[in-house]
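Notes follow once the structure below has been shown.
The values are calculated or read from the model by the stated rules, or taken from the named source; none is laboratory data. All values reported here derive from a predicted model rather than from experimental measurement. We place every Cβ from the backbone using ideal geometry, glycine too, and count neighbours over all the protein chains shown.
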Amino acid sequence: MTGKTLLVASLGLLFAACATSRLDALVLEGQELHSSLGTRNLELVSRLHVLRELLPGNPHLASDRAFVNAISRSGSQGGLTGDGVRTALYGLYKAEKELGIYGLEAASKVDADRIEEFVRGCWAHNASLERARVHRDGRVVVVVWHDGVSATCWEAANARIVARLAGR
């Protein structure tokens, strides 16, 4: 490899490592989703949906393979691996009950289509009960779920996610 080719390749790798994710806009504190929501202190949560050692913070966004695999599995109720997922997001919030977010940014449109179809299928029952919603924008698939927050909190949190996905 020539020096110039090596430099271009190195810059390309550096740029790829620093590239932002479409999920960046969803790294939100609880109050940004609804005034009644607080961001959970994970040290005080007895049962997490993913291994505590994979969550250095809350909310957490990363492209680390172990984290991506864990969020892909958890967000799909165990049905997906991290194959075709570039970046993942996890957020856990609390009002009177919990509200959570699983976000997956697919590597391609084909991967996003596959992930969305699977995630919508496995969350369909909870969606029919208004306990979960699946949102999609481009290559990003997001599950917002709750275990009993108020209707106003639920609607506001989902509206905020949709607005942020749309760049507003």
In this structure, does residue 87 turn out to be hydroxyl-bearing (Ser, Thr, Tyr) and touching a residue at least 40 places away in the same chain (Cβ under 8 Å)? yes
Out of (1) surrounded by fewer than 16 Cβ atoms within 10 Å (Cβ to Cβ); (2) free of Cβ contacts under 8 Å to residues at least 40 places away in the same chain; (3) at positive phi, the one residue 138 does not meet is (2)
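Is it true that some residue in the stretch 102-109 is buried (at least 20 other Cβ atoms within 10 Å of the Cβ), farther than 25 Å from residue 156 by Cα and modelled with pLDDT under 95?
Checking the stretch 102-109: not a single residue is buried (at least 20 other Cβ atoms within 10 Å of the Cβ), farther than 25 Å from residue 156 by Cα and modelled with pLDDT under 95.
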When the stretch 18-36 is examined, which residues are found to be under 25 Å from residue 120 (Cα atoms) and not polar (S, T, N, Q)? 22, 23, 24, 25, 26, 27, 28, 30, 33, 34
Answer yes or no as to whether residue 142 is in contact with a strand residue (DSSP E or B) (Cβ under 9 Å, 6 or more places away or on another chain), aliphatic (A, V, I, L, M), outside any loop (DSSP other than H, G, I, E, B) and at pLDDT 95 or above. yes
Name the single residue that is farthest from residue 81 (Cα to Cα) among those in the stretch 9-63 being loosely packed, with under 15 Cβ neighbours inside 10 Å and modelled with pLDDT of 95 or more. 35
